[in-house]
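All remarks here apply to the structure that follows.
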Amino acid sequence: MCANCGCSDHDAVTVTALADGHARPAEMPAQHMHDHDHDHDHDNHAHGDHDHAHPHAHNHNRPHHEHEHGHAHQHGTLIALEQEVLARNSQLAERNRGWFEGRNILALNLVSSPGAGKTTLLERTIRDLHDEPVISVIEGDQATFNDAERIGGTGCKVVQINTGAGCHLDADMLARGLKQLAPPLDSVVMIENVGNLVCPALFDLGERAKVVILSVTEGDDKPVKYPHMFRASRLMILNKIDLLPHVSFDVERCIDYARRINPDIEVLQLSATTGEGMNDWYVWLRRQVAVDHVAEATP
Amino acid sequence: MHELGITQSIVEMVAGRAADARIQRVTVEIGKLSAILPDAIRFCFDICAQGTAAEGAALEIIAVPGRGRCRDCGREQAMDHWLASCACGACGLQCIAGEELKIKSMEVI
């Protein structure tokens with residue numbers, strides 16, 4: 001079972017470069033150490049028929065009946081730990097951040113619920129910008145290469161990460177994806193996270209900013225229903241605004257909710273299908289790219 | 001969903017530090033404004049701990065109440081939810097506590 005997402009072993013994460021189409025299992029030895037393949041009898045314990053592995057060999061010789069009786073009244077030694085549970089992911093995310101900075105790459109983490117239009121937004125952006133800046137894409141989905149194939153249709157570099165049962169990308173998966181992707185210097189990497197407004201908010205990938213995409217066919221109260229995601233994002237894109245005449249979505253109320261959760265959040269309204277408002281997004285994107293160049297020019 | 005993986009991380013971290021000792025108690029701090037459900041962590045803990053040095057250990061969860069600082073007047077106050085607003089009328093408290101997800105300590109024998 002994966003330490004970060006709880007995915008099961010048989011649904012192992014795969015990283016696939018669309019150029020050669022070969023899926024590579026993303027080796028995650030530290031996180032997949034608990035192979036459930038090992039019979040073990042517990043004296044005086046009724047554990048049923050389940051099998052589980054014991055990576056800590058010293059446990060094998062310990063008489064398990066002690067758990068219930070032997071130490072019930074003994075005082076143990078207190079060890080202060082003060083350890084952040086997500087520390088490992090945070091460390092790997094910082095490595096990714098350095099990797100991006102060293103290559104002058106702007107990385108954006110695109111998050112939304114499924115169907116908000118992340119892939120359509122990316123397709124149009126890549127086609128419209130004509131390599132200024134050069135964009136490559138990491139696609140995260142539980143299964144299929146569908147989105148990577150759509151992005152690949154624009155001619156840009158793309159790698160698909162399939163998380164199996166996992167509900168978000170983590171920093172380790174991204175690091176493996178980046179090795180496959182090999183994005184050029186001075187470019188943009190768009191990370192399309194697994195469609196999910198909950199878990200991706202907790203896992204830093206090393207991106208410069210999260211961009212949350214909310215379509216007007218969803219509820220205008222999404223920012224208050226999923227506050228962590230809107231709080232973690234620098235930009236909220238309201239997508240599918242061409243459908244506003246047909247739905248009861250209140251744009252002002254939605255923006256008000258988002259700003260109450262995150263007063264600093266920037267907001268853009270657009271339709272990736274009709275192209276309305278896309279220019280504002282390109283201006284925003286190029287401004288982020290320019291910040292990178294300024295930072296590099298100022299030691 | 002993510003609580004299972006997070007519990008697995010907690011168990012791996014404490015079991016890794018325990019070496020040959022057996023873990024009697026694990027104390028974890030979870031902020032009330034974190035996106036982590038303590039009940040879900042409790043539910044997963046015994047299962048994740050099986051076959052590790054933490055098997056049979058008690059899990060103690062310290063719930064840390066949310067606190068925020070007003071962006072306008074600077075007053076610190078309780079913050080029960082993300083839409084909490086200050087008595088001065090400004091909304092948008094800056095969270096200063098309540099997002100914790102930390103292993104505080106463990107007791108070993």
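Worth a mention:
- Assessment of region B:33-47 against the conditions (touching a strand residue (DSSP E or B) at 6+ places or on another chain (Cβ under 8 Å), in a helix (DSSP H, G or I) and surrounded by 19 or more Cβ atoms within 10 Å (Cβ to Cβ)) yields at least one matching residue.
- Residues that are at pLDDT below 95, under 22 Å from A:A19 (Cβ atoms) and open to solvent by 10 Å² or more (accessible area, probe 1.4 Å) do occur in region A:157-176, at least one of them.
- Residue check, B:G68 away from chain A (no Cβ under 11 Å), buried (at least 20 other Cβ atoms within 10 Å of the Cβ) and outside any loop (DSSP other than H, G, I, E, B): yes
- Candidate set from region B:1-32 (those that are part of a helix (DSSP H, G or I) and of a type in the set (S, T, N, Q)); member that is surrounded by the most Cβ atoms within 10 Å (Cβ to Cβ): B:T7
- For A:N104: the one exception among (1) in contact with a Pro (Cβ under 9 Å, 6 or more places away or on another chain); (2) in a loop (DSSP other than H, G, I, E, B): (1)
- B:S34 vs. criteria within 20 Å of A:A87 (Cβ to Cβ) and either touching a Ser or Thr at 6+ places or on another chain (Cβ under 9 Å) or within 10 Å of another protein chain (Cβ to nearest Cβ) (or both): yes
- Pick from region A:253-297, criterion aliphatic (A, V, I, L, M) and open to solvent by 60 Å² or more (accessible area, probe 1.4 Å), ranking: modelled with the highest pLDDT: A:V283
- Among residues that are out of contact with any helix residue (DSSP H, G or I) (no Cβ under 6 Å at 6 or more places or on another chain), assigned to a loop (DSSP other than H, G, I, E, B) and farther than 24 Å from A:R260 by Cβ, B:G51 is included.
- Filter result (within 8 Å of chain A (Cβ to nearest Cβ) and of a type in the set (V, I, T)) within region B:1-22: B:I6, B:I10, B:V14
- Taking the criterion of being within 17 Å of the chain's Cα centre (by Cα) and open to solvent by less than 10 Å² (accessible area, probe 1.4 Å), the residues of region A:208-236 that qualify are A:A209, A:V211, A:V212, A:I213, A:L214, A:M229, A:F230, A:S233, A:L235, A:M236.
- When A:H42, A:H75, A:H69, A:H47 are checked against the criterion of being within 13 Å of another protein chain (Cβ to nearest Cβ), open to solvent by 90 Å² or more (accessible area, probe 1.4 Å) and at pLDDT below 50, a single residue qualifies: A:H69.
The values are calculated or read from the model by the stated rules, or taken from the named source; none is laboratory data. Note that this is a predicted model, so its numbers are computed, not measured. Here Cβ is always computed from backbone atoms with ideal geometry, including for glycine, and neighbour counts include all displayed protein chains. SASA here: full protein model, heavy atoms, side chains in, ligands and nucleic acids out. Shrake-Rupley method; radii C 1.70, N 1.55, O 1.52, S 1.80 Å.
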